[in-house]
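The values are calculated or read from the model by the stated rules, or taken from the named source; none is laboratory data. The structure displayed is predicted, hence computed values, not measured ones. Cβ: placed from backbone, ideal geometry, glycine included. Neighbour counts: every protein chain shown. What goes into the accessible areas is simple: the full protein's heavy atoms, side chains included, and nothing from ligands, DNA or RNA. Shrake-Rupley method; radii C 1.70, N 1.55, O 1.52, S 1.80 Å.
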Amino acid sequence: MSAPELIRDPREWQRRCREARQAGRRIALVPTMGYLHDGHLSLMREARRRAGADGLALATIFVNPTQFGPQEDLSRYPRDLSGDLAKCGQAGVDRVLAPEASAVYHPLHESWVDVTSVSQGLCGASRPGHFRGVATVVMKLLHLSHPDVALFGEKDWQQLQVIRAMVRDLDLDVEIAGMPIIREQDGLAMSSRNAYLSAEERVRALSLSRALFEAGARARGGERRAAALQAGARAALEGAGVRVDYVEVVQPETLRPVAEAAPGSRMLVAGFVGRTRLIDNVGLP
Ligand code: AMP
């Protein structure tokens, strides 16, 4: 497939999306921060499929500064625009918006989207303001693109629930599609941040998915107590040298902690492998 068209100016992007919409073309949108891997590409291929032959499959590549804390990895976040464009083309993406931050945020920017309850706890507790930045930029990208459907990965489970709550509460006319986590062959969830890992850290990082799969196996075996499942996973992570941020079994939509795992409950983990913060999650049977 051919290379996608690269658009830098959000206003031009918005105008072109409006034209496509007025022409009756279906629009599917995949927002990303770039440094694309097969997880991103699975979303893009699905966007291509959902847009249909006459529709538009769109992707955005934007390392959104407002979702990074002052001590986080904004400046060193990996970037590879030309490689990303080639991958987008192979996945069937028609157009890519890759704007400068100064084109996305007005110097006087002062409006924010705050999804309150579901943004608290888990990643929201250790990354204050993160989900406010995420919700705000996703709202802006939805307004710029006016898609029929926007696709997000279950890899970022809490983010997906924040976006669903925002769409529900603010009457946004868009379908949100959640897509399964794509993993490396050994189970590690694909992430742009995996590029930070040394060979030794890469081995330790495997403990996240292993701990989750092990908890899933225990739940299948009849262990329903969240505390027991969490303790087992935490011990496995710490044993592998991961500095645990959280291990929680939660209700999948509200993300409230549960005492007993029920079908659909989700186990979410976050931890530091060296300086790199990784997250993963799994549905409990
Ligand atoms: P990011 O570039 O990290 O902001 O991710 C962009 C989109 O890709 C988000 O909706 C993520 O949830 C999704 N994504 C990232 N990693 C994966 C993965 N391993 N499997 C599926 N989706 C993913």
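See the values below:
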{"quantity": "Accessible area of region 5-179 belonging to carbon and sulfur atoms, whole % at 1.4 Å probe", "calculated": "47"}
{"quantity": "With all protein chains modelled, accessible area of GLU175 [1.4 Å, Å²]", "calculated": "80"}
{"quantity": "Label point 7 Å beyond Cα of GLU72 along Cβ direction - residues of region 104-123 with amide nitrogen under 11 Å", "calculated": "123"}
{"quantity": "Dipole magnitude of the chain about its Cα centre (Cβ charges: Lys, Arg +1; Asp, Glu -1), debye to nearest 20", "calculated": "200"}
{"quantity": "Derived scalar couplings ³J(HN,Hα) [region 199-210; Karplus, 6.51 cos²θ - 1.76 cosθ + 1.60; whole Hz; x for Gly, Pro]", "calculated": "4, 5, 5, 4, 5, 5, 4, 5, 5, 5, 5, 4"}
{"quantity": "Degrees separating the helix 10-22 axis from the principal Cα axis of the chain, which is the longest one", "calculated": "80"}
{"quantity": "Under the Karplus curve 6.51 cos²θ - 1.76 cosθ + 1.60, θ = phi - 60°, whole-Hz ³J(HN,Hα) for region 160-170, x wherever Gly or Pro sits", "calculated": "4, 5, 4, 5, 4, 5, 4, 5, 5, 6, 9"}
{"quantity": "Viscosity 0.890 mPa s, temperature 25 °C, Stokes-Einstein D of the chain from Kirkwood C-alpha radius, µm²/s", "calculated": "125"}
{"quantity": "Surface per residue (accessible, 1.4 Å probe) for region 5-179, Å²", "calculated": "45"}
{"quantity": "Cα lying deepest toward the dipole's positive end in region 1-150, options GLY83, PHE131, TRP13, charges on Cβ", "calculated": "TRP13"}
{"quantity": "Estimated FRET transfer efficiency when R0 is 45 angstrom, pair GLU200-GLN14 (beta carbons, to 0.05)", "calculated": "0.45"}
{"quantity": "Distant alpha-carbon pairs in region 131-190 (separation over 20 angstrom), percent", "calculated": "27"}
{"quantity": "Bridge type composition, the chain - antiparallel percent by DSSP, nearest 5", "calculated": "50"}
{"quantity": "Exposure ranking of ARG25, ARG266 by accessible area [1.4 Å probe, largest first]", "calculated": "ARG25, ARG266"}
{"quantity": "Centre separation in Å (Cα based) which lies between region 218-277 and region 30-91", "calculated": "28"}
{"quantity": "Spacing of the two label points (7 Å from each Cα toward its C-beta) at ALA86 and THR254, in nm", "calculated": "4.9"}
{"quantity": "Structure-based [θ]222 nm, the chain - -39500 (n - 2.57) summed over DSSP H runs of at least 4, per residue, nearest 500", "calculated": "-12000 deg cm²/dmol"}
{"quantity": "Most to least packed among 226-236, 51-61 [average Cβ atoms within 10 Å]", "calculated": "51-61, 226-236"}
{"quantity": "Accessible area expressed per residue, region 192-280, with surrounding protein chains retained (probe 1.4 Å, Å²)", "calculated": "46"}
